[in-house]
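I have placed the structure first, in the form of structure tokens, so that the comments after it can refer back to it.
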Amino acid sequence: MTDDPSLTARLPEGRGRDPIRVIVDSTARTPTAAKILLQESAAYTIIATTEAAPVERRASLMAAGAEVIVVPGPGPTVDLVKLMEILGEKEISSVLIEGGGKVNGSALSAGIVDKVAWFIAPTIIGGDDAPGPVRGPGIKGLGDATRLYNLSFEGLGSDIYITGYTTERVVKYLYRNS
């Protein structure tokens, strides 16, 4: 909400293809004037919400050009596992989560993350009230932490780009749901 992102490919000389944008918005708070709904793009926008989203808000988002999906689940937030199943039915097989700490934490907790890509800037910020990159209830101990495997590190300008895979969590998720 604060960032109002475009979520488009912005490569030099117009190269690249815009992705289908999926917004996780439990109560349909996305403004109809948001960049994701106003831009010219061949890709469409999906807003995933819950039954708690007011019907009139859903209708206004559809009128603004979004596909609104009401994801079944216990609420109060969008069930991310169910959302991934719905996206799979739409033949969307790869999802890049560019979320805030709450969405990142929920995705990790749901076991739907198989690869993490992290950019770290050489800037120290923080504080008791500063939101972190992963939020939520936290973990009880290090044994419950998400461990990354097959790590790679790359310098991008003054930033560090780290990638790793959550292989053990993905395997547990697949066996739990088979």
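Each reported figure results from applying straightforward, stated rules to the coordinates on display, with no laboratory input. Note that the coordinates shown come from a computational prediction; the quantities given were computed from them, not determined experimentally. A quick note on method: Cβ atoms are made from the backbone with ideal geometry, for glycine too, and the neighbour counts reach across all protein chains shown.
Of the peptides 156-162, 4-10, the order by per-residue mean of other Cβ atoms within 10 Å, starting with the highest, comes out as 4-10, 156-162.
Taking 109, 94, 41 as the candidate residues, the one with maximal mean-square fluctuation in a Gaussian network model of the chain, Cα springs under 10 Å, is 94. When only Cα pairs below 8 angstrom with a gap of at least 6 residues are kept, the range 99-178 shows a relative contact order of 40 percent.
Of all lysines in the structure, the ones whose alpha carbon falls short of 22 Å from that of residue 35, not counting any fewer than 8 places away in one chain, are 102.
Here are some values of percent of Cα pairs over 27 Å apart: (i) 27; (ii) 35; (iii) 18. Which one was computed from this structure? Label of the calculated value: (ii).
Ordering 62, 84, 1 by the number of other Cβ atoms within 10 Å of each residue's own Cβ, fewest first, gives 1, 62, 84. By the beta-carbon count within 10 Å of each Cβ, the least crowded to most crowded order of 140, 35, fewest first, is 140, 35.
Each residue in 56, 13 was given a count of other beta-carbon atoms within 10 angstrom of its own, and listing them fewest first yields 13, 56. For n ≥ 4 DSSP H runs only, could you compute -39500 (n - 2.57) per run for the chain, divide by its residues and tell me the 222 nm figure to the nearest 500? Helix contribution divided over all residues of the chain: -6500 deg cm²/dmol. Rounded to the nearest 0.05, what FRET efficiency is calculated for residue 97 and residue 56 with R0 set to 22 Å and r the Cβ-Cβ distance? So, using R0 = 22 Å, E works out to roughly 0.20.
Report the full-extension gain for the segment residue 85 to residue 43: residue separation times 0.36 nm, less the Cα-Cα distance, to one decimal in nm. Walk me through the intermediate numbers first.
Working: separation 42, 0.36 × 42 = 15.12 nm, distance 2.02 nm.
Result for the pair: 13.1 nm of gain on full extension.
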